[in-house]
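Asker: Encoded as structure tokens, here's the structure I'll be asking about.
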Amino acid sequence: MPPPPLAARESVRENMFNDVWTRELNAVFADVAPYYDRANYVASLGLWGWFRERFLDTIPVKPGQRVLDVCAGTNAIGIGLLTRERTLDVHAIDRSAEMQEVGQQSAQSRGLRIKSYIGDVHCLPFPDGHFDVVTLQFASRHLRVKQVFSEIYRVLKPGGRFHHCDMLRPENPIVENLYYTYLKCCLTITAVVFQSGSAALNCRKYFIDALQNFYSAGELATVLRELGFQDVRYETVFSGMMAFHGASKPPA
């Protein structure tokens, strides 16, 4: 089934998934937090670390910059950036206290400091023009994309950079169908291996539906440009199953 037209995509997604986003996802991420990184490693056939490193390679940082990691989860990106540049001032925000608890433990075990915030990323609790770099990874499918991207634009300094990574909807219908078939199988297998609770088990169909009604890499680039970002660039992985986007807020 083709996705809704681009102009209507956000409203259709909200109508379809609002109940899941507001009532179910907190329980899902509380369930998966203790094994989230290991499950992704299994589901990606061991490529999870490679995906993370590829994304980190797209994010240039300078000493002393202030960085915000949106939907930070287990702080993999913040930890990766601090490992490369210890002087960064890294802030992390996520809706899941359980995911951030795992992320904080992971950072502290490495001697790294990440300032953690628990809250709704649709309304970021930071002043305008506050961050040099903002990142967001593997979460946009569960968000009101335009609202979150607009907030990211707001909190970026003029000239600041936004870097995004997520699973996307492939433009090739053959690749798309194969992708969904694989995901259905691996979600079930991963749930069995890690003994997922009912919250995660009940959302398996949602994860596929969310992708089917999400954006392709090119469409997401269009959304970024429409919101005012410039120098929008992206590279795809595995025929558009995933992409790394970069964009900047225009200088003052």
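Asker: Only one of these is β-branched (Val, Ile, Thr), surrounded by 15 or more Cβ atoms within 10 Å (Cβ to Cβ) and more than 19 Å from Arg161 (Cα to Cα): Thr74, Thr83. Name it. Explain how you work it out, then say what you get.
Answerer: Numbers: Thr83 fails: surrounded by 15 or more Cβ atoms within 10 Å (Cβ to Cβ).
One residue alone meets the criteria, Thr74.
Asker: Here is a further query. Would you be able to tell me the number of residues in region 87-118 that are out of contact with any Ser or Thr (no Cβ under 8 Å at 6 or more places or on another chain), assigned to a loop (DSSP other than H, G, I, E, B), under 26 Å from Pro60 (Cβ atoms) and not charged (D, E, K, R)?
Answerer: Selection size over region 87-118: 4.
Asker: I've got another one for you. Residues that are at pLDDT 95 or above, under 22 Å from Pro170 (Cβ atoms) and among the aromatic types (Phe, Trp, Tyr), at least 1 per element: which helices (runs of 4 or more DSSP H) completely within region 1-45 meet that? Spell out how you get there, then give the answer.
Answerer: Working: elements: 9-19, 25-32, 36-43.
Those helices (runs of 4 or more DSSP H) span 9-19.
Residue-by-condition table, conditions (1) more than 17 Å from Phe138 (Cα to Cα); (2) under 18 Å from the mean Cα position of the chain (by Cα); (3) surrounded by fewer than 16 Cβ atoms within 10 Å (Cβ to Cβ):
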{"residue": "Asp19", "(1), (2), (3)": "yes, no, yes"}
{"residue": "Ala33", "(1), (2), (3)": "no, yes, no"}
{"residue": "Trp50", "(1), (2), (3)": "no, yes, yes"}
{"residue": "Lys62", "(1), (2), (3)": "yes, no, yes"}
{"residue": "Asp69", "(1), (2), (3)": "no, yes, no"}
{"residue": "Arg113", "(1), (2), (3)": "yes, no, yes"}
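Asker: Out of the residues in region 46-76 meeting the condition of being assigned to a loop (DSSP other than H, G, I, E, B) and among the β-branched types (Val, Ile, Thr), tell me which one is nearest to Leu88 (Cα to Cα). So that I can check it myself, show each step before the final result.
Answerer: First, pick out the residues of region 46-76 that are assigned to a loop (DSSP other than H, G, I, E, B): 46-47, 58-65, 71-75.
Right, trim to among the β-branched types (Val, Ile, Thr) and you get 58-59, 61, 74.
Working: Thr58: 16, Ile59: 13, Val61: 8, Thr74: 18 Å.
Among residues in region 46-76 that are assigned to a loop (DSSP other than H, G, I, E, B) and among the β-branched types (Val, Ile, Thr), the one nearest to Leu88 (Cα to Cα) is Val61.
Asker: Considering each of Val133, Val121 in turn, give the residue that is crowded, with 21+ Cβ neighbours inside 10 Å and assigned to a loop (DSSP other than H, G, I, E, B).
Answerer: On the way: Val133 fails: assigned to a loop (DSSP other than H, G, I, E, B).
One residue alone meets the criteria, Val121.
The values are calculated or read from the model by the stated rules, or taken from the named source; none is laboratory data. Computed from a predicted model, the values in this text were never measured in an experiment. Using ideal geometry, Cβ is built from the backbone for each residue, glycine included, and neighbour counts are taken over all protein chains shown.
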